[in-house]
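Comments concern the structure below.
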Amino acid sequence: MNGQVGIVDRYLDLFDKNIGKIMDSSSPYINSLREPAYQTFRRMGIPDKKNENYKFADLALFFDFDYKTRLVPGKSDIEEAKNFQCGVADLETQGMILVNGYYPYADKLKQLPDGVWTGSFREASSQFGSLFEEHYGKYANTESDGLVHLNTAMATDGIFTYVPDGTVCEKPIQIVNIVQSDEDIFNQHRNLIVLGKNVQMTMIICDHTLSPRKFLTNAVTEVVVGENSIFNIIRVQNEHNYSGKITHTFINQEKNSFASSNNIILHGGLVWNNTYHYLVGEGAEAKSNGLYLIDKFQHVGNYVSIDHFVPNCTSNQLFKGVIDEMATGVFNGRIYVHPDAQKTAAFQRNNNILLTDDAKVFTKPHLEIYADDVKCSHGATVGQPDNDIMFYLRSRGIDQREAKLMLMFGFAHEVIQEIGVKALRERLDDLVMQRLRGELSRCANCVVKCY
Amino acid sequence: MILKINNLHAGIGEKTILKGINLEVRTGEVHAIMGPNGSGKSTLASVLAGRETVTVTEGEIFYNGKNLLEMSPEERSKEGLFLGFQYPIEIPGVSMVAFMKAAVNEHRKYRGLEPLSASDFLKLMREKKELVGIDSKLANRSVNEGFSGGEKKKNEIFQMAMLEPKLSILDETDSGLDIDALRIVANGVNKLKRPDSSSIVITHYQRLLDYIVPDIVHVLYDGRIVKTSGKELALELEEKGYNWIQKEVNQN
Amino acid sequence: MEDNQDKLLNEVTSGDYKYGFYTDIDSEQAPKGLNEDIIRLISSKKEEPEWLLEFRLNAFRYWRTQKMPGWANLKIPDINFQDIIYYSAPKQKSKSNGSDDIDPELKKTFDKLGIPLEEQKHLSGVAVDAVMDSVSVKTTFKETLAEVGVIFCSFSEAVKEYPDLVKRYLGSVVPYRDNYFAALNSAVFSDGSFCYIPKGVRCPMELSTYFRINAANTGQFERTLLVADEESYVSYLEGCTAPIRDENQLHAAIVEIVAEKNAEVKYSTVQNWYPGDKNGNGGIFNFVTKRGMCKGENSKISWTQVETGSAITWKYPSCVLKGDNSVGEFFSVAVTNNYQQADTGTKMIHLGKNTKSTVVSKGISAGHSQNSYRGLVRMSRNAAGARNFSQCDSLLLGDKCGAHTFPYIETDNKTAIVEHEATTSKIGEDQIFYCNQRGINTDDAIGLIVNGYAREIINKLPMEFAVEAQKLLQISLEGSVG
């Protein structure tokens, strides 16, 4: 067995203890994938530092702990979670929450006025059986990450969204993931998002923790973007420092589709986002962007993998980090151009600013290219704001501190400006500015007093 | 007869651009091919030099009596056909000296001559640089890398001087040139003219023809040569533009 | 007669690898296999002191506990380490006691390789240590160098003549526990070059080592140790070739460099081990650990490599920048064609303040080959004001090959600046066409363009090597674009 021996047993035990309940609450198709996934997880284990995707992650800090697991949260936890108010003013969305990965509404599945189906993953797996058989588990099937298989083995609920052909969603769909419990818990949820042809949809996912316990979440999201469709996913992560969050997002892109994934990490003990774009139809375009503004002992990583399977696709990665105090930031970006994926254009950039001597950054932008007619490039920098620009600003009468702030804001804004939802974009700009100025106490919106 | 084109049809991908070109160039003649943008001038130059992106669908071309379409681009060059590119490409890291030396010696080998020694080659470079009046610093740089538009064009004429072609095709050599650069290019072309060499000057504007006097002027329009006349035609085009030609064609 | 044979051999194999001949010379060989007895045998052949035998045995015991590393982007067939001869010394017929004359057969071999071993034949002042299989055959200009105090000799000789220096520096930069192949080499290394430049001396000529694998079924495990004392300078070159054979041969070398305060070392390699034939049969497995330690302030180590040979290359010439203001450089051209695989790059470990490193890597892949750049830049906590710039470009010729880039950047100091850039593109059809139009055929055009692409690196080589390297690039890629 590979991976972190010993720790893995905790999770095999959790599976063994709960498998009865898990099977009872899921559709036969989903259950049919559990045993093979369990075996794969058993073989691969919890990734350790020998796993290139997690080379700089210290997962043991969060995984080597005795968590409880609950398929359905307690009533009071659900009530508490439902009281949560999104802090972004004027953000008009089609909102819903997940509490510890559980879909808490009585109306398990509903059709919105524009024809979009949305609701509980568990419910949908029976009602939309054929969609599930077509897509579920097809993309979240990587050979390099045992945690994806752990999710497939055990997850029972999450969000399901189906956007029929030709639908243009006016409002973004917003999912607020809330973790709330009086116990230290391990959550796994699973989302399946299916977009038909000629669809436009934006999804916002916000991660929050409401109670001061130790949490670990392992979430998998599979997205299918049909021909000529446009899809944006924006993830804003704001959890407390005792919370660990591992996400895996698989976006399968068909012909002439566009998909962007945006990971904005504002807070969290351990945050590790694994984002995969599979370009399987010609003319598809992928953008993957990320920003991490971190401090304390936070440990944050982005693994991004873009697979160019077919010719004439384009991809862009842009990740930026400002790392303060004793925090660690990691970027691990991969472009894989498969044989015959000619006329590929793929670009990748990672820039980091370290603010203290105790801050650390690890970056590994890599290219694997098996076709010749390609234009690929990557760049990575670690450093401080450019001296020449600093001097220019100062020679126009701007003092050093302000000039530095201006440059750092500009640095972060380059990622935020890619976000298409105006209200959210403005709010994030605002948060970043306050944060950089030190005006925002780090946990202003947080009910948890971590330190 | 150095060049004879019969009923040439050619295009790029699905698009037909040349729709039956007929042209004869005799030794010693200077021909000008004029025409509005998109008429097929550069495509014709590409076909003559053998660019593979252009597909010939019909017709034939004889160059010095040989079937030109069967020859590789380098063979055409060694046979004395020279194309002055409209957009000369940059080749980073390859010095002009290394580049030209390889070219000149390939030409010599083709003619059964020994390669030039380094010193003879440099002497030749110097002579030709003076002849066409290009800055000697250009020759020390990588091919066209960081050259201005004018420098790139002058560099084309310099290469032409080095290779002493029998038929030179200058594709929009005047575009992007100020009047001084234009004069240098034109003077170079005139100085390089020999009784046994011919030229085809492709241009949109008449102004180059103030300096290079053509024997025959052709107007290319929509993939066909629609008018052929003496040098006075160029002046007429300058005065009246291309519209009257278009009208004339459309009437027929 | 022999020349004709060689010609024929060349023609029937690839015709492209010029150095594929074999010298028929008796050699004294250890039996196949690897165990403590073999190590004791090598050590006793070389009449080594006890401490060195201990070093070898410790390395061997460590090696036995290790597994072949699997992290490189390489498909490495299983190597049967018991099927290799670890010691093979050509027998020199006429070598009389005390005389420097070498066997005419050996002399002929090196002449053919373009490495004349008579000092008067040298056009320019290059001192050569010629190593064939497991032993150093001849070191030239030893006396001239000795006049200025430079020690340049075979490793075996150094162990006897300068045991203190060897003991002090051996394994100080590459400890035997460093990696699998370093451990293997430390156990069985046979010969190589030793060089010491004393304080304040600027070495008056280029030093070089020429490595030749000749005997079949042998591995070559040489070890080079180069020490530049304070305020000294040396430029060092290394070349390698091997006969054409159907089976793979193993080469696992170690190069250790120490640069003291204000010292500068330039280390250049033209690696042209037999790459295997067009179908990927045969060729050298080249697993090399090269590392330099910039130990003193303001010291500088510069690696330049042109890699065209070997079936598999696994090699990361590195710099540990320990002294404040020290400088590390890595300039590399790696060409792979046919079924060659290369995973090569560098590590720049910044420990001292205001240390600087530059990495320029140019990969060229053709045929069915796979070419990877793998590099690490580490800015440690005390490396205040450190700078790195890396530029890694890949050029693809043909659609069956691969070009990969794996840079690792680890920064633990806020004032350090790291910049990494990389591009991958195919050879420009427009550029080839442009050359064609000027009468240059496609093979030559590729040669020209590739040489232009690699010029920045080639220019870093000493002149004699630069010319050789240019030719090599062209030959390695002949017929690569149909």
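The values are calculated or read from the model by the stated rules, or taken from the named source; none is laboratory data. If you're wondering where the values come from, they're calculated on a predicted model, not measured in any experiment. So basically every Cβ, Gly included, is an ideal-geometry build from the backbone, and we count neighbours across all protein chains shown. Quick note on the areas: whole protein, heavy atoms, side chains included, nothing else; ligands and nucleic acids left out. Shrake-Rupley method; radii C 1.70, N 1.55, O 1.52, S 1.80 Å.
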Counted residues, region B:130-156 - those being open to solvent by less than 10 Å² (accessible area, probe 1.4 Å) and within 14 Å of another protein chain (Cβ to nearest Cβ): 4
C:Ile458 vs. criteria within 14 Å of chain B (Cβ to nearest Cβ), within 24 Å of the chain's Cα centre (by Cα), open to solvent by less than 20 Å² (accessible area, probe 1.4 Å) and aliphatic (A, V, I, L, M): yes
Those strands (runs of 3 or more DSSP E) lying entirely in region B:198-252 with at least 1 residues more than 17 Å from B:Ile169 (Cα to Cα): B:216-221, B:224-229
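Residues of region A:261-277 being under 23 Å from A:Asp429 (Cβ atoms) and either open to solvent by less than 10 Å² (accessible area, probe 1.4 Å) or without any contact (Cβ under 8 Å) to a residue 60 or more places away in the chain (or both), which ones?
So in region A:261-277, the residues under 23 Å from A:Asp429 (Cβ atoms) come out as A:261-268, A:271, A:273, A:275.
Of everything in region A:261-277, those that are under 23 Å from A:Asp429 (Cβ atoms) and either open to solvent by less than 10 Å² (accessible area, probe 1.4 Å) or without any contact (Cβ under 8 Å) to a residue 60 or more places away in the chain (or both) turn out to be A:Ser261, A:Asn262, A:Asn263, A:Ile264, A:Ile265, A:His267, A:Gly268, A:Val271, A:Asn273, A:Thr275.
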Leading residue by the ranking (most open to solvent (accessible area, probe 1.4 Å)) among those in region C:461-471 that are away from every other protein chain (no Cβ under 11 Å) and part of a helix (DSSP H, G or I): C:Met463
Count of residues meeting criterion [open to solvent by less than 10 Å² (accessible area, probe 1.4 Å) and among the aromatic types (Phe, Trp, Tyr)] in region A:278-302: 1
Checking B:Ser119 against (1) surrounded by fewer than 22 Cβ atoms within 10 Å (Cβ to Cβ); (2) out of contact with any Lys or Arg (no Cβ under 7 Å at 6 or more places or on another chain); (3) within 10 Å of another protein chain (Cβ to nearest Cβ), the condition it does not meet: (3)
Residue list for region C:401-449, filter: surrounded by 21 or more Cβ atoms within 10 Å (Cβ to Cβ), of a type in the set (Ser, Thr, Tyr) and either in contact with a Cys (Cβ under 9 Å, 6 or more places away or on another chain) or within 14 Å of chain B (Cβ to nearest Cβ) (or both): C:Thr405, C:Thr424, C:Tyr434
Complete set of residues in region A:402-428 that are open to solvent by less than 30 Å² (accessible area, probe 1.4 Å) and closer than 14 Å to A:Ile234 by Cβ: A:Val415, A:Ile416, A:Ile419, A:Val421, A:Ala423, A:Leu424, A:Leu428
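Would you confirm whether or not region B:174-182 contains a residue that is in a helix (DSSP H, G or I), open to solvent by 40 Å² or more (accessible area, probe 1.4 Å) and within 17 Å of B:Asp135 (Cβ to Cβ)?
Residues of region B:174-182 that are in a helix (DSSP H, G or I), as a first pass: B:179-182.
Those left that are additionally open to solvent by 40 Å² or more (accessible area, probe 1.4 Å): B:179-180.
Narrowing the set further to residues that are within 17 Å of B:Asp135 (Cβ to Cβ) leaves B:180.
Within region B:174-182 (the criterion being in a helix (DSSP H, G or I), open to solvent by 40 Å² or more (accessible area, probe 1.4 Å) and within 17 Å of B:Asp135 (Cβ to Cβ)), the answer is yes, since at least one residue qualifies.
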Residue check, B:Lys41 within 30 Å of B:Lys240 (Cβ to Cβ) and either surrounded by fewer than 20 Cβ atoms within 10 Å (Cβ to Cβ) or away from chain C (no Cβ under 13 Å) (or both): yes
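Looking at A:Ser120, A:Ser126 in this structure, which one is open to solvent by 60 Å² or more (accessible area, probe 1.4 Å) and among the hydroxyl-bearing types (Ser, Thr, Tyr)?
Details: A:Ser120 fails: open to solvent by 60 Å² or more (accessible area, probe 1.4 Å).
The conditions single out A:Ser126.
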Scan of region A:1-39 for residues that are assigned to a loop (DSSP other than H, G, I, E, B), open to solvent by less than 80 Å² (accessible area, probe 1.4 Å), modelled with pLDDT under 90 and closer than 22 Å to A:Glu143 by Cα, ordered by number: A:Gly3, A:Gln4, A:Gly6
Every residue from region A:70-84 that is open to solvent by 30 Å² or more (accessible area, probe 1.4 Å) and either among the polar types (S, T, N, Q) or over 18 Å from A:Arg10 (Cβ atoms) (or both): A:Val72, A:Gly74, A:Lys75, A:Ser76, A:Glu79, A:Glu80, A:Lys82, A:Asn83, A:Phe84
Total residues in region B:103-116, condition of a type in the set (A, V, I, L, M, F, W, C) and surrounded by fewer than 20 Cβ atoms within 10 Å (Cβ to Cβ): 2
Residue within region C:22-43 that is open to solvent by 70 Å² or more (accessible area, probe 1.4 Å) and assigned to a helix (DSSP H, G or I) present: yes
Residue within region C:181-196 that is farther than 21 Å from C:Glu50 by Cβ and open to solvent by 10 Å² or more (accessible area, probe 1.4 Å) present: yes
Enumeration of residues in region B:216-231 that are open to solvent by less than 40 Å² (accessible area, probe 1.4 Å), over 18 Å from B:Ala10 (Cα atoms), at pLDDT 90 or above and of a type outside the set (A, V, I, L, M, F, W, C): B:His218
For C:Lys400: the one exception among (1) part of a loop (DSSP other than H, G, I, E, B); (2) within 24 Å of C:Lys414 (Cα to Cα): (2)
Residue list for region A:320-379, restricted to those being facing chain C (nearest Cβ under 7 Å), basic (Lys, Arg) and touching a Gly at 6+ places or on another chain (Cβ under 8 Å): A:Lys360, A:Lys364
Residue within region C:337-348 that is part of a strand (DSSP E or B), open to solvent by 10 Å² or more (accessible area, probe 1.4 Å) and more than 7 Å from chain A (Cβ to nearest Cβ) present: yes
Checklist (1) surrounded by 13 or more Cβ atoms within 10 Å (Cβ to Cβ); (2) under 30 Å from A:Leu431 (Cα atoms); (3) out of contact with any strand residue (DSSP E or B) (no Cβ under 7 Å at 6 or more places or on another chain); (4) among the acidic types (Asp, Glu) applied to A:Glu52, failing item: (2)
Residue match in region C:472-480 (condition: more than 30 Å from A:Asp324 (Cβ to Cβ), open to solvent by 30 Å² or more (accessible area, probe 1.4 Å), more than 11 Å from chain B (Cβ to nearest Cβ) and acidic (Asp, Glu)): yes
Test: residue in region B:49-68 that is touching a Pro at 6+ places or on another chain (Cβ under 8 Å), surrounded by 16 or more Cβ atoms within 10 Å (Cβ to Cβ) and under 24 Å from B:Lys154 (Cβ atoms): yes
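Strands (runs of 3 or more DSSP E) wholly in region A:285-390 with at least 3 residues that are over 24 Å from A:Gln417 (Cα atoms) and in contact with a strand residue (DSSP E or B) (Cβ under 9 Å, 6 or more places away or on another chain) - which ones?
Details: elements: A:285-294, A:299-308, A:314-323, A:328-337, A:344-354, A:360-369, A:374-383.
Filter on region A:285-390 gives A:299-308, A:328-337, A:360-369.
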